[in-house]
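I have placed the structure first, in the form of structure tokens, so that the comments after it can refer back to it.
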Amino acid sequence: MSLSDDVLRHRFQGCLLGLAIGDALGGKFEAQSAEGIRARFPTVSSLIDYPQEEIWYTDDTQMAIGVAETLADHGEIVERHLCTAFASNYVPSRGYGRGARAVLEAMEEGRDYRQVAEQYFPGGSYGNGAAMRVAPVGLLFRDDQSRLWEQARLSALPTHLHPLGIEGAQLLALAVALGSHSQSLDRDTFFTNLLTACQSAAYRTKLEEAARVRTADDLSHLGNRIEALESVPTAIASFALTPESFEETVSHVIFVGGDTDTLAAMAGAVSGAYLGIDRLPQRLVGLVESSPKGRSYLLELADRLFARHRQLTPAA
Ligand SMILES: [Mg+2]
């Protein structure tokens with residue numbers, strides 16, 4: 001059974017807001033140890049209740065906005081437009097890594113950004129920087145898996161040329177698409193779909209391990225680092241462990257420590273695409289920054305992306 005327009009539109013909104021909330025909440029703990037975070041926040045609710053003021057997202061959401069704007073405006077990834085969007089959204093203080101800053105500054109100044117990327121990441125970056133921003137691709141191409149796979153690759157290329165960086169983005173986009181389709185998540189089907197799409201032995205092994213996760217403590221074995229291989233499967237596993245709870249999905253990856261903003265941004269995007277905006281914690285939705293590209297803009301951008309999706313895939 002397909003979802004009604006309203007339900008699906010709410011899932012687009014849930015995905016972008018889920019990404020921003022995960023990113024902003026996780027951003028408060030970036031690079032901290034699992035033990036340190038656990039000592040301060042022993043429970044999921046203590047972590048979720050922690051923010052009392054506006055929460056500000058980091059580079060993850062900022063770059064995802066660039067991807068979403070490009071897709072909403074052009075209906076597909078066009079590298080020239082994508083780089084313009086990245087450059088126009090770029091605010092260095094949002095937590096970009098050193099290599100990403102250099103590449104984005106080259107984009108801004110019209111220099112050869114691929115050469116700069118190669119200089120910082122010889123052989124291509126296999127970090128999670130393409131996966132952290134890819135969720136809008138998963139939404140727009142949710143009904144066309146081969147197009148999704150190719151568009152996710154194109155969205156990665158300006159900064160991530162290594163196959164593991166690209167495949168991480170493709171798998172996360174697919175997880176978003178699968179989440180956006182499910183009415184009641186069937187874990188086995190979810191992981192079978194991901195494993196069928198998976199191309200490398202490295203991700204296959206990780207996803208098989210992710211499919212076996214039964215407790216939040218198991219998540220730490222999957223990794224918490226900035227490499228896509230050490231974080232994308234962790235985020236996906238956290239969603240599949242507690243699909244009915246955004247709060248648990250996002251908190252569990254923050255409790256893993258390490259690259260908490262990106263882990264929680266990715267987990268939050270998949271969770272939000274499944275649950276929809278109405279099942280996100282409304283207090284945190286209300287605390288998302290009220291800046292020009294804050295909460296209201298993200299909701300409007302999700303609506304624009306949904307309208308574009310309807311052009312590609314008219315309602316049955
Ligand atoms: Mg970040």
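Only helical runs count toward this figure. For the chain, summing -39,500 (n - 2.57) over DSSP H runs of n ≥ 4 and dividing by all residues gives -19500 deg cm²/dmol at 222 nm.
The ranking of Thr205, Thr61 by Cβ neighbour count inside 10 Å, starting from the fewest, reads Thr205, Thr61. Using C-alpha pairs under 8 Å with a sequence gap of at least 6, the mean separation divided by the residue count of the chain gives a relative contact order of 33 percent. Under Stokes-Einstein, with the Kirkwood radius over Cα pairs as Rh, the value for segment 214-316 at 25 °C and 0.890 mPa s is 166 µm²/s. Under 5 Å from the amide H of Val288 lie the amide H atoms of Ile55, each residue being 5 or more positions distant or on a separate chain, with H modelled from the backbone and absent for Pro and chain starts. Taking every alpha-carbon pair within segment 65-142, the share separated by more than 21 Å comes to 27 percent. Could you give me D for the chain, from Stokes-Einstein at 37 °C and 0.692 mPa s, where the hydrodynamic radius is the Kirkwood radius over C-alpha pairs? Units µm² s⁻¹, please. So the translational diffusion coefficient is about 175 µm²/s.
Ranked by the mean number of other Cβ atoms within 10 Å of their residues, highest first, the peptides 131-139, 73-81, 117-125 fall in the order 131-139, 117-125, 73-81.
Computed from the coordinates by the stated procedures, all read-outs in this text should not be read as laboratory data. These numbers come from a predicted model, not from an experiment. Please note: Cβ atoms are built from the backbone with ideal geometry, for glycine as well, and neighbour counts cover all protein chains shown.
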